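Structure first, commentary second.
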């Protein structure tokens, strides 16, 4: 079940990033973050009310709030990279760094994946790079170094988000995600006020913004459940395959070419998930 949930989170994260990138090309990154996170907050509150979870402890709320701050920093870096730099550099760097950090922290916390799971993780990491090879922006946009730095920053934020949200107790339900969204919105609004950036989105970017927020929250819920029913190191490696769905959406919606490298990446990704499932 943990592998299925982590795979679902990868699908949803991929869709969220695709639509978040589209929205950021049309609206300020602060407006995309603030409003997409408001959508996520509404969904998390509705899901929490539906599940009828008891109020969580302070520790769970604190881990959730910390996860929100890390996730907001990661999204800001990623969306900026998608809009202003070479996506083919930023996206794989973010995915690899975002996978390595929770795997390392999970092992440090005492997790011991089996040999097949390790083989799957080792297979999934190069798949992430291949999936985004040759994608995105024109070569003249931004510098590779800036793209790599933004990608690394995004990956650190995502990796720490995965770790922090996995530290919450199962009894807390989805309340940590509510706390995460509240802290994210507060941080983004504060940053907008200090920098003078607008929180108003462009009209032609609202649909993509709403889709990004809804898909991102769905992905967070799936990953939270995956980390609670299985090992963080395994769940994070599978969830980090999110560039695959992004590539496929770009093919279907934007008619981008599916190169041989991307096809190889998809094959490696499937092989990696199969090995991880065998070694769970």
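The values are calculated or read from the model by the stated rules, or taken from the named source; none is laboratory data. Given the structure is predicted, the values throughout are model-derived calculations rather than measurements. As a convention, Cβ positions derive from the backbone with ideal geometry for all residues, glycine included, and neighbour counts pool all protein chains shown.
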Exercise for review: Output the number of the condition that residue 255 fails; it satisfies all remaining conditions of (1) in contact with a helix residue (DSSP H, G or I) (Cβ under 9 Å, 6 or more places away or on another chain); (2) at pLDDT below 80; (3) over 16 Å from residue 124 (Cβ atoms).
Suggested key: (1)
Point to revise | Matching entry among 58, 81 (being under 21 Å from residue 160 (Cα atoms) and out of contact with any helix residue (DSSP H, G or I) (no Cβ under 9 Å at 6 or more places or on another chain)) | key: 58
Practice item. Return only the number of the condition from (1) more than 30 Å from residue 255 (Cβ to Cβ); (2) modelled with pLDDT under 80; (3) crowded, with 20+ Cβ neighbours inside 10 Å that residue 153 does not satisfy. Key: (2)
Study note, to complete from the structure: Taking the stretch 167-185 and keeping only residues that are surrounded by fewer than 22 Cβ atoms within 10 Å (Cβ to Cβ) and assigned to a loop (DSSP other than H, G, I, E, B), one is left with 167, 169, 173
**Study point:** Matching residues, the stretch 49-58, being in a helix (DSSP H, G or I) and free of Cβ contacts under 8 Å to residues at least 60 places away in the same chain
**Key:** 49, 50, 58
**Study point:** Residue in the stretch 31-48 that is assigned to a loop (DSSP other than H, G, I, E, B) and within 22 Å of residue 253 (Cβ to Cβ) present
**Key:** no
Check your understanding: Hey, among the residues in the stretch 173-207 that are more than 22 Å from the chain's Cα centre (by Cα) and free of Cβ contacts under 8 Å to residues at least 60 places away in the same chain, which one's farthest from residue 61 (Cα to Cα)?
Key -> 203
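Where residues in the stretch 129-148 are in a helix (DSSP H, G or I) and farther than 29 Å from residue 224 by Cβ, which of them is modelled with the lowest pLDDT?
Among those residues, the one meeting the criterion is 144.
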Exercise for review: Tell me which residues, restricted to the stretch 186-231, are more than 16 Å from residue 17 (Cα to Cα), at pLDDT below 85 and part of a helix (DSSP H, G or I).
Suggested key: none
Practice item. Please enumerate the residues belonging to the stretch 31-76 that are surrounded by fewer than 24 Cβ atoms within 10 Å (Cβ to Cβ), under 21 Å from the mean Cα position of the chain (by Cα) and at pLDDT below 90. Key: 76
